[in-house]
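First the structure, in the form of structure tokens, and then the observations on it.
The values are calculated or read from the model by the stated rules, or taken from the named source; none is laboratory data. Note that the coordinates shown come from a computational prediction; the quantities given were computed from them, not determined experimentally. Every residue, glycine among them, receives a Cβ derived from its backbone with ideal geometry; neighbour counts consider all protein chains shown.
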Amino acid sequence: MSHDPALEAHEHAEHADHAAHERDPFISKVSITVAVLAVMAATAGSLETVEGSRAITGSSAAVLAQDRATDAWNEYQADSLKRHLFEIAGEEGHDHAADIRQQRVEQERAHTQAQAGEAARDRALADSARHEERHHWLTGAATLVEIGIALSTVAIITRRRTFWFAALGLGAAGAVLFALAYLL
């Protein structure tokens, strides 16, 4: 069974519309609450999925950036070894001054690339963490709103305002978590 927030929102809205036709003002209010909560749940669920995907993408980008940095550090070490070999050969009377200068240039280039890769890794990790944090807030928001929908259904069946007020409270709490996902 797939979890399609848009389809679920539509189904809840249909149920709410059907209940509203009973002409009971309380049932009509609760039905409207169900419809509003269903839209909130669908929105939070969709954004939760988006943020989770962005978190994974950011983590993948961090791994790739770290791989580039590691490759650059390996090149830096190889250039360092070559430079040392040319320096040793220079001590033996061979002229490798140009080769030594070239290896220093290559080493500096590799050093710059390695640091850039590490900086890109850090940015990608921070981006991934931000999206993961949003994902968690949105998961909480969607859960509270979905429980609110369930309580609204109980309110319709039992015709008790207590369940409806609890559903309204959960919907409000879900809205707060939804907002916090993008404010923090």
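Are any of the residues in region 86-108 surrounded by fewer than 17 Cβ atoms within 10 Å (Cβ to Cβ), basic (Lys, Arg) and under 26 Å from Thr49 (Cβ atoms)? No, region 86-108 has no match at all. Among residues of region 74-85 being closer than 29 Å to Ala62 by Cβ and crowded, with 17+ Cβ neighbours inside 10 Å, the one that is modelled with the lowest pLDDT is Asp79. For Ala55, indicate whether it is part of a helix (DSSP H, G or I), surrounded by 15 or more Cβ atoms within 10 Å (Cβ to Cβ) and at pLDDT 95 or above. In short, yes.
Quick one: Ala172 ticks every box in (1) surrounded by 16 or more Cβ atoms within 10 Å (Cβ to Cβ); (2) within 28 Å of Arg23 (Cβ to Cβ); (3) at pLDDT 95 or above bar one, so which box is it? Among (1) surrounded by 16 or more Cβ atoms within 10 Å (Cβ to Cβ); (2) within 28 Å of Arg23 (Cβ to Cβ); (3) at pLDDT 95 or above, the lone unmet condition for Ala172 is (1).
Among the residues that make up region 31-49, is at least one of them out of contact with any Ser or Thr (no Cβ under 6 Å at 6 or more places or on another chain), under 20 Å from Gly171 (Cα atoms), modelled with pLDDT under 90 and in a helix (DSSP H, G or I)? There is no residue in region 31-49 that is out of contact with any Ser or Thr (no Cβ under 6 Å at 6 or more places or on another chain), under 20 Å from Gly171 (Cα atoms), modelled with pLDDT under 90 and in a helix (DSSP H, G or I). Answer with yes or no whether Val176 is closer than 23 Å to Val36 by Cβ, part of a helix (DSSP H, G or I) and touching a Lys or Arg at 6+ places or on another chain (Cβ under 8 Å). Here the answer is no, as Val176 does not meet what is asked.
Contact map, region 87-104: first residue without any contact (Cβ under 8 Å) to a residue 40 or more places away in the chain, second residue surrounded by 11 or more Cβ atoms within 10 Å (Cβ to Cβ) and not in a helix (DSSP H, G or I), Cβ cut-off under 7 Å, separation 6 or more or different chains; pairs are Ala89/His96; Gly90/His96. Screening the candidates Ala110, Ala179, Ala89, Ala155 for the property of being within 30 Å of the chain's Cα centre (by Cα) and among the aliphatic types (A, V, I, L, M) yields one hit, Ala179.
Among the residues of region 139-153 satisfying the criterion of being more than 16 Å from Ile32 (Cβ to Cβ) and without any contact (Cβ under 8 Å) to a residue 40 or more places away in the chain, which is surrounded by the fewest Cβ atoms within 10 Å (Cβ to Cβ)? Working first, answer last.
Looking only at region 139-153, we keep the residues that are more than 16 Å from Ile32 (Cβ to Cβ), and these are 139-144, 146-147, 150.
Among the residues that remain, those that are also without any contact (Cβ under 8 Å) to a residue 40 or more places away in the chain are: 140, 143-144, 147, 150.
Details: Gly140: 19, Thr143: 17, Leu144: 23, Ile147: 18, Ala150: 14.
Across region 139-153, the extreme among qualifying residues is Ala150.
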